[in-house]
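Novice: Attaching a single structure in structure tokens format; questions to follow.
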Amino acid sequence: MRKVAILGIGQIPIGEHWEKSIRHLAGDAVTAAIAEAHIEPTVIESLYVGNMLSGALNKQENVSALIADWVGLRGIEASKIEAACGSGAAAFRSGLMAVASGVNDLVLVVGVEKMTETGGTNTTSHLASAADADYEAAQGLSFVALNALIMRRYLHEFGWKHNDFAPFSINAHANGAKNPNARLQEAITQKDYSRARMVADPINLLDASPIGDGAAAILLCPAEKIQRNGQPIITVAASAAATDSIAVHDRFDTMRLAAAETSAQKAYAQANVTPGEIDFFELHDAFSIMAALSLEACGFAERGQGVRLGLENQITPQGRIPIATRGGLKARGHPVGATGVYQLVEVIQQLRGEGGDTQVPEAKIGMAQNIGGSGATAITHILQRE
């Protein structure tokens with residue numbers, strides 16, 4: 001297998017882009033990535049699109065061919081990859097394998113989602129399709145409700161208080177306030193968190209990430225074809241995926257993200273690193289409870305102790321394990337099918353030293369983990385600066 005490197009990245013601000021369709025969103029991100037890479041579009045050999053809801057919300061399937069045509073790549077191989085909220089990382093993994101195996105030399109990965117044109121109830125209903133249709137969604141459970149059940153059990157089992165989760169949201173908003181592409185660019189306080197409107201007890205508005213319209217793109221090529229030109233080369237050290245039951249109640253331990261743990265362990269083995277060697281971690285903080293469980297699953301905290309990392313200020317850009325360095329899902333936003341690609345773009349920015357006011361000092365190894373559903377799919381990538 002060939003070592004794979006990053007040739008270019010692009011992203012657009014996450015928000016409510018009323019004036020743009022899904023093709024325009026993707027096109028803007030692709031144009032930015034191609035411009036950064038200084039290549040002609042005609043040299044791109046295949047396209048992988050991470051997307052969950054184009055058919056349901058935009059009435060547009062075959063979205064990969066649509067995007068290929070729109071960006072001037074008519075004729076190339078193009079596929080849509082769907083893994084619920086993990087679609088972006090799944091698309092990246094597919095593109096990565098195409099280059100690593102030698103099938104392609106230059107691959108474009110795009111994550112895109114257009115979510116704000118439909119009503120909130122309609123969007124929430126379609127998001128619930130990532131849960132078990134028979135035994136969760138059909139019973140009226142939304143994702144906020146599922147995460148509320150998990151969080152309530154976590155509080156009961158480990159003795160934490162709801163306010164102990166505030167540092168996750170405070171850190172994300174502090175970092176998002178310094179990211180021009182973030183959905184929410186406003187810092188919050190402990191008082192803001194405590195007073196936030198309850199959504200599904202114990203989850204309040206500041207425990208939950210906002211959806212939005214967004215697109216991000218990455219160009220991949222063999223590492224040996226990258227010309228350094230005084231710039232750091234960013235390569236993919238590991239890529240691993242795993243699954244668990246879709247339904248939360250079918251899991252042996254509802255307080256354990258088994259798929260996240262398995263994919264992380266596989267990634268550590270591939271990259272030949274330990275959790276202690278990871279300089280920062282872009283985790284899937286769709287809800288604050290997921291931040292705590294992800295830190296535990298990936299070996300950064302013991303079972304039931306993920307919350308402690310926030311309380312001890314170990315998750316800030318200057319902490320032991322920085323997370324959500326550009327706002328995370330909580331503040332940058334969660335355009336579901338695009339989220340995994342945004343995470344990877346942000347890892348690349350940090351490794352290049354382009355993190356701005358939230359730059360992690362001397363970052364050399366970064367990890368991103370994208371989760372589909374409430375933990376049913378987990379895809380972990382480790383990138384490094386060479």
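The values are calculated or read from the model by the stated rules, or taken from the named source; none is laboratory data. No experiment lies behind these values; they were computed from the predicted model shown. Note: ideal-geometry Cβ built from the backbone for every residue, glycine included; neighbour counts use all protein chains shown.
Novice: If you check ILE233 against the conditions, is it among the aliphatic types (A, V, I, L, M), surrounded by fewer than 20 Cβ atoms within 10 Å (Cβ to Cβ) and out of contact with any Phe, Trp or Tyr (no Cβ under 6 Å at 6 or more places or on another chain)?
Specialist: Here the answer is yes, as ILE233 does meet what is asked.
Novice: A further question on this structure: Specify which of the listed residues (GLY88, GLY102, GLY95) is more than 24 Å from the chain's Cα centre (by Cα), outside any strand (DSSP E or B) and either more than 22 Å from ASP250 (Cβ to Cβ) or free of Cβ contacts under 8 Å to residues at least 12 places away in the same chain (or both).
Specialist: Among GLY88, GLY102, GLY95, only GLY102 is more than 24 Å from the chain's Cα centre (by Cα), outside any strand (DSSP E or B) and either more than 22 Å from ASP250 (Cβ to Cβ) or free of Cβ contacts under 8 Å to residues at least 12 places away in the same chain (or both).
Novice: Out of all the residues in the stretch 308-338, which are of a type in the set (S, T, N, Q) and touching a Ser or Thr at 6+ places or on another chain (Cβ under 8 Å)?
Specialist: THR325 - this is the single residue of the stretch 308-338 that is of a type in the set (S, T, N, Q) and touching a Ser or Thr at 6+ places or on another chain (Cβ under 8 Å).
Novice: Can you run down the residue pairs with Cβ atoms below 8 Å, 6 or more apart or on separate chains, where the first is in the stretch 272-287 and small (Gly, Ala, Ser) and the partner is at pLDDT 95 or above?
Specialist: If the second residue must be at pLDDT 95 or above, the pairs left are ALA286/CYS85; ALA286/ASN147; ALA286/ALA208; ALA286/SER209; ALA286/LEU329; ALA286/HIS334; ALA286/ILE371.
Per-residue answers, yes or no, for (1) in a loop (DSSP other than H, G, I, E, B); (2) more than 27 Å from PHE143 (Cα to Cα); (3) not charged (D, E, K, R):
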site: VAL307; (1), (2), (3): no, no, yes
site: ILE315; (1), (2), (3): yes, no, yes
site: THR325; (1), (2), (3): yes, no, yes
site: LYS330; (1), (2), (3): no, no, no
site: GLY337; (1), (2), (3): no, no, yes
site: VAL341; (1), (2), (3): no, no, yes
site: LEU344; (1), (2), (3): no, no, yes
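Novice: Could you check the stretch 322-366 and list, in sequence order, the residues that are of a type in the set (Lys, Arg) and either at positive phi or touching a helix residue (DSSP H, G or I) at 6+ places or on another chain (Cβ under 6 Å) (or both)?
Specialist: ARG326, LYS330, ARG332
Novice: On to the next question. Kindly list, by first and then second residue, each pair from a residue in the stretch 256-269 that is free of Cβ contacts under 8 Å to residues at least 40 places away in the same chain to a residue that is crowded, with 24+ Cβ neighbours inside 10 Å and among the acidic types (Asp, Glu), limited to pairs with Cβ atoms under 9 Å and residues at least 6 apart or on different chains.
Specialist: none
Novice: Take HIS173 and decide whether it is of a type outside the set (Ser, Thr, Tyr), in a helix (DSSP H, G or I), out of contact with any Phe, Trp or Tyr (no Cβ under 6 Å at 6 or more places or on another chain) and surrounded by fewer than 22 Cβ atoms within 10 Å (Cβ to Cβ).
Specialist: no
Novice: Continuing with this model, one more query. Name, by its number, the condition in (1) crowded, with 20+ Cβ neighbours inside 10 Å; (2) touching a residue at least 60 places away in the same chain (Cβ under 8 Å); (3) of a type outside the set (Gly, Ala, Ser); (4) part of a helix (DSSP H, G or I) that does not hold for HIS381.
Specialist: Here HIS381 clears every test but (4).
Novice: Where residues in the stretch 43-93 are within 23 Å of GLU282 (Cβ to Cβ) and among the hydroxyl-bearing types (Ser, Thr, Tyr), which of them is surrounded by the most Cβ atoms within 10 Å (Cβ to Cβ)?
Specialist: Among those that are within 23 Å of GLU282 (Cβ to Cβ) and among the hydroxyl-bearing types (Ser, Thr, Tyr), it is SER87.
Novice: Here's a follow-up. Report whether or not ALA133 is within 24 Å of the chain's Cα centre (by Cα), closer than 27 Å to LEU283 by Cα and in a helix (DSSP H, G or I).
Specialist: Judged against the criteria, ALA133 is not a match.
Novice: Please go through (1) crowded, with 18+ Cβ neighbours inside 10 Å; (2) within 20 Å of the chain's Cα centre (by Cα); (3) of a type in the set (S, T, N, Q) for GLN185 and return the number of the only condition it doesn't satisfy.
Specialist: Every condition holds for GLN185 apart from (1).
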